1. If you take the Cα atoms of segment 289-397, find Rg, then find the Kirkwood Rh from the mean of 1/r over all pairs, what is Rg/Rh?
2. For E133, what charge total do you get from the other residues with a beta carbon under 13 Å from its beta carbon, if Lys and Arg give +1 and Asp and Glu give -1?
3. Take the Cα radius of gyration of segment 322-373 and divide it by 2.2 N^0.38 Å, with N its residue count; two decimals is plenty.
4. In a shell of Cβ-Cβ distance under 14 Å around D235, excluding D235 itself, what net charge do Lys and Arg (+1) and Asp and Glu (-1) give?
5. Would you kindly compute the Cα radius of gyration of segment 141-244 and its largest Cα-Cα separation (Dmax), both in Å?
6. Could you work out how far apart the two model spin labels at Y259 and E133 are, taking each label as a point 7 Å from the Cα in the direction of the beta carbon, and quote it in nm?
7. DSSP H helices in the chain with Cα extent of 24 Å or more along the helix axis and mean Kyte-Doolittle hydropathy at least 1.0?
8. Is there a quick way to get the dipole size of the chain? I mean about its Cα centre, with the Cβ of Lys and Arg at +1 and of Asp and Glu at -1; what is the value in debye to the nearest 20?
Amino acid sequence: MKSEIIQPIKALSGGLELPGDKSISHRYAMLAVLANGSSELRNFAAARDCYSTLGCLKSLGAGVKIEGSTVQIAGHGLRGLKSSWRTLDAENSGTTIRLLSGILSGQSFVTKITGDGSLQKRPMKRVMTPLHEMGADIRGRDGNFPPLEIHGSKLRGIHYQMPMASAQVKSAVLLAGLYAEGETSVTEPAATRDHTELALLEFDAPVRKSGRTISIQGLAAGSDGHPALRPISADIPGDLSSAFFFIAAASLLPESNLYIGNVGLNPTRAAILDFVKQMGAAVSIVNLQTRQGELVGDLSIKGATLKGGVISGDLVALLIDELPMLAALGPYTEQGIEIRDATELRVKESDRIAALAENLKRMGAAVEERPDGLWVSPSRLHGAEIDPRGDHRIAMAFAVAGLAASGETRILDAGCAGVSYPRFFEELRRLAE
């Protein structure tokens, strides 16, 4: 397993263009397969997770052509998928297995889908429960874990009041709703990222939103003359969650002057920018525009003094992917970082609360680990050997923390960053030169 050495530096400077947004790439690929006609997706995510989705779609008979960062997908309609003779492999991607579960529930065949050791420990009952209510036949290990066996069934529309905020659960139910009789609706307890709703609209699906309730009319339950999803030609914006590691790094280092172009700034994702601005970060947005229903713009970041803050309640769902980086910033802030109400971090690619606490302590931070989060006090950090536990966001967060620590930091198994950002360390070195 390859490790990366991080040395302290004074600044990040220059320009950066990011790979396509992971969340949008997953959703566009899945819907493109269900559309009637060929879709072209430019700046498709470089993340291994999104290529796991493409691999599963190929196994289901989809025509997928990849040229650089452009992906062409030949869609054959809602009933165009075919049974796979082999078990689908979602690898490390929770988004792949959960969203595909919704689509596969409405097919006319049986599918088996699994993932790597980490994914096989992640709970699926939260998705299986509403899908079962719709008439889906999904079987998992201990009724909760992959591998999953999905027997395609006739689905019925339901109204699902979500017990906890989860964009993946919401998305799985809405995608299954394409195959259900009547209307399917989901009410969220707190707002989560809305890429699925925006993507469905872009593909011409009958979806609507009222407050925190999103509804979709089933398309595939009736005759062969049902309305079809239309193919699209789209430029995918850069991934804001990936951008945040560089925003954090530039903010930490006083002499930084960084420009990040073409970043997705969806309001359900951009809460992180509002939060770090409240912390004192010098981040400005320029060239704001709308593409395929998604807000896109450029970011300018300079070094700043960070105050710290508390993340709790509804904010947790909006910042869920950025919490590891925020926690790793904690020692460098004036007041520290406190994270509450985030038990979801325990069941991500790793137990992120435990991984953050362990590695911050290795670097000399004062950390209090709690069942639903942690408190990170202002501290002086020194270099250390970091074990990211195979978790891409832990590896990248501590690479950033190491830039401002004293001495050398070694990130073990650094290749795990490729799950979301294969060129992360290469770009970090380039901007530090």
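Since every read-out is calculated from the coordinates, none of them should be taken as a lab result. These numbers come from a predicted model, not from an experiment. Using ideal geometry, Cβ is built from the backbone for each residue, glycine included, and neighbour counts are taken over all protein chains shown.
1. Numbers: Rg = 14.8 Å, Rh = 14.7 Å.
Across segment 289-397, the Cα-based Rg/Rh ratio is 1.01.
2. Working: positive: K125, R126, R156; negative: D137.
Surrounding charge for E133 is +2.
3. Details: Rg = 10.2 Å, N = 52, 2.2 N^0.38 = 9.9 Å.
Taking N as the residue count of segment 322-373, the ratio is 1.03.
4. Once positives and negatives cancel, what remains is -4.
5. Using the Cα atoms of segment 141-244, the pair Rg, Dmax is 15.2, 47 Å.
6. In this crude label model, Y259 to E133 measures out at 5.0 nm.
7. On the way: long enough: none.
Span-like helices, by this rule, are absent here.
8. 560
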